[in-house]
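Working notes, beginning with the structure itself.
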Amino acid sequence: MDRKKRKKKQTSGEKRQMIWGILCLSFLCSTACGAVAANLSAQEAASQVQSLIAAWQTDGMIVTYGGTFFKYLKYLLLIWLGGQVTPGLFLSVGTLLFRGACLGYASSAILLAFGKKGLLFAASAIVPQNLFLVPAYLAMTWAALRYANRRRQERSGKDALLREKRKDQTEYVLLLLGGVILLALGAFTEVLLMGQWVERFIEIF
């Protein structure tokens with residue numbers, strides 16, 4: 001009996017690792033696709049970045065914490081809502097892949113606009129906040145997949161079913177709150193960087 005439990009636990013752990021691996025690989029692939037898309041429209045992508053920089057230099061850079069936070073929160077909520085129903089998993093995974101593609105496109109567009117100097121610009125303007133954002137989106141997508149799967153596998157027994165549902169719902173909400181905290185840190189990092197370091201960096205260009 002103990003051997004069966006250990007085997008089942010090991011299988012469950014391996015399955016979790018496999019899902020994490022697939023999600024991370026899919027995110028990296030979507031990032032690469034975004035970079036390829038930017039290179040296919042190199043002139044347009046570079047022009048977009050240069051126009052944005054020119055607007056910042058002319059009108060000044062206005063970056064608010066609330067706007068930045070809610071910009072990222074909407075994607076987290078889409079991923080979270082996707083876990084409520086099985087068809088919604090396409091929404092969760094699709095949102096994650098979209099964010100990866102956006103990250104790849106933006107990074108590549110900066111490199112196209114500024115060449116080698118763009119490496120430092122991308123590192124200062126994109127990487128720091130995404131150290132918080134990317135884990136939040138990945139973890140929330142994994143949680144959405146797990147939550148939807150648990151809903152399908154709930155066993156019979158009204159009392160037991162109700163307890164399991166409440167436990168799963170509580171865990172799912174707590175994971176959302178954890179994701180919100182990471183987004184808050186990411187938004188704070190972005191506002192801090194855009195308000196100080198990136199502005200100075202633009203002046204150098």
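Read-outs: derived from the displayed coordinates by stated rules, not from any lab. This is a predicted model, so every value here is computed, not measured. With ideal geometry, Cβ positions are generated from the backbone for all residues, glycine too; neighbour counts draw on all protein chains shown.
Points to keep in mind about this one:
- Using a cut-off of 30 Å between Cα atoms, the listed pairs 15/167; 15/165; 15/71; 74/117 include 15/71; 74/117 as exceeding that distance.
- Label-reachable residues, region 89-119, where backbone N falls under 20 Å from a point 7 Å from residue 50's Cα toward its Cβ: 105-119
- Per-peptide average of other Cβ atoms within 10 Å, ordering 76-82, 181-187 highest first: 76-82, 181-187
- Summed residue charge, Cβ within 11 Å of residue 72's Cβ, Lys/Arg positive, Asp/Glu negative: +2
- Extension gain from residue 40 to residue 177, taking 0.36 nm per residue of separation minus the Cα-Cα distance: 45.5 nm
- Modelled FRET efficiency - R0 45 Å, residue 15 with residue 188, Cβ distances, 0.05 increments: 0.80
- 5 Å-binned pair-distance histogram of region 96-191 (Cα, whole percent): 2, 12, 16, 16, 14, 10, 9, 7, 5, 4, 2, 1, 0
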